Each structure stands twice: as structure tokens, then as C-alpha cells.
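The values are calculated or read from the model by the stated rules, or taken from the named source; none is laboratory data. Quick caveat: nothing in here was measured; it's all calculated off a predicted structure. Here Cβ is always computed from backbone atoms with ideal geometry, including for glycine, and neighbour counts include all displayed protein chains.
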Amino acid sequence: MKKFVVAIFISLLLSGWAMAVEVDREARIAESRAVVKAFFGELKGQLGAAIKEGGPTHAIPVCKEQAPAIAQKFYADKGWRVARTSLKLRNPGNAPDAWEKKVLESFEARKVSGEDPKKMEYAEVVQQGDAWVFRYMKAIPTAEMPCLMCHGGAIAEPVAAKLDQFYPEDQARGYKAGDIRGAFTITQPIK
């Protein structure tokens, strides 16, 4: 009887822990979605303003300089790593780690299966070194405008020249509307 009571106690304890982890997971996903929305909103606004001011060549420095600055604000506010990554890199500094690469490849497979890239996301708790972290990724679908001006198959010569100047190893061209351009990636420490 004593073993039975202990087993029930352990079972209740573990199910309570699992429920707490699931509630925390859903809260972390919701918070990650909000950060991605804010990051993308600010970046898109700055890109739009730069394009309006001087065309697509003015937008290239925004992606190179302002996107990391926007991500840094979230790190300062929350202590999270917030970034963008892709399987076809423009900036080698944004190369995916092994976990991110696996998720990006799964996004591509999901797209081939007919899933809408606008709705693709993935979250998981993983061990990173000696710590556990919450990782989240949200696919970035390629939009007709402004994405294809710098990432499409028919990039105007002044834009291509500016891209070559800023990104001599650029692989992030040749996309079509609806392709997965990459993903926002977030790493949250777990305390």
C-alpha cells in the first residue's frame, strides 16, 4: 500500500510538473511570436522608409546595420538572443547552428508538403552546454515587395552591385514569392 501511495504521489508530481512546463511553453511561444512581430514590424518600417527615400539600394544598409541593432534591443530588454538565419546566406554572420539548420530544413520539407510558410514555426527546449534553453523559430516567407527587389531572380544592376559590395559571398538571391527566405530565431534562457 505504501508503494502504491508513493507511486501515485510521484505520478501526480510529475503530471503537475509536465502541466507547468506546457503552460510555460505556451507562454514562451506567445512571447516569442510577439517579439518576432515587433522585430519584423520595425525592420519592415525602416526598409520601407529607406526604399521610399532612395530606392532599394538604400534598403541594403538597413538590413546590414539596423536589423542587428533591432535584435540587440531585444537582448538588452529580455536577455534573449534574437536573430535571422537562412539556408541561403547573405551575411555569413547569420549562419544557422546545427539546431537551426535542422529546423530550416524541416520548414522546407513542410512547404513541399503544402504547408503555408506564413504559419510555420517550431519551438523546443534544448540543452545548450550546461544550461537548458527555449528555442523558437518562425519562417520568413518571401513577399513580392520589398523582398524580391534584393532577393529575387531579376535584381536590378545597381542593387546587385551594392549587394556585391556589402556581401561578396551572397547566396540569398533567386527567390520567388512564397519561398522560405529564412527564419527568425530566438533563444530564451530557462531559469
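General remarks:
- Looking only at region 115-145, and only at residues there that are small (Gly, Ala, Ser) and over 25 Å from residue 171 (Cα atoms), the one that is surrounded by the most Cβ atoms within 10 Å (Cβ to Cβ): 123
- Selected residue [of a type in the set (Gly, Ala, Ser), under 17 Å from residue 181 (Cβ atoms) and either out of contact with any helix residue (DSSP H, G or I) (no Cβ under 9 Å at 6 or more places or on another chain) or surrounded by 12 or more Cβ atoms within 10 Å (Cβ to Cβ) (or both)] from 152, 93: 152
- Answer from 157, 108 - the residue that is of a type outside the set (A, V, I, L, M, F, W, C) and surrounded by 12 or more Cβ atoms within 10 Å (Cβ to Cβ): 108
- Helices (runs of 4 or more DSSP H) enclosed by region 1-81 - at least 2 residues per element that are aliphatic (A, V, I, L, M) and either closer than 19 Å to residue 187 by Cα or at pLDDT 95 or above (or both): 2-54, 67-78
- Residues in region 127-167 that are in a loop (DSSP other than H, G, I, E, B), closer than 22 Å to residue 107 by Cβ, modelled with pLDDT of 90 or more and more than 19 Å from the chain's Cα centre (by Cα): 153 only.
- When region 96-105 is filtered for residues that are crowded, with 18+ Cβ neighbours inside 10 Å and either assigned to a helix (DSSP H, G or I) or acidic (Asp, Glu) (or both), the ones remaining, listed by number, are 100, 103, 104.
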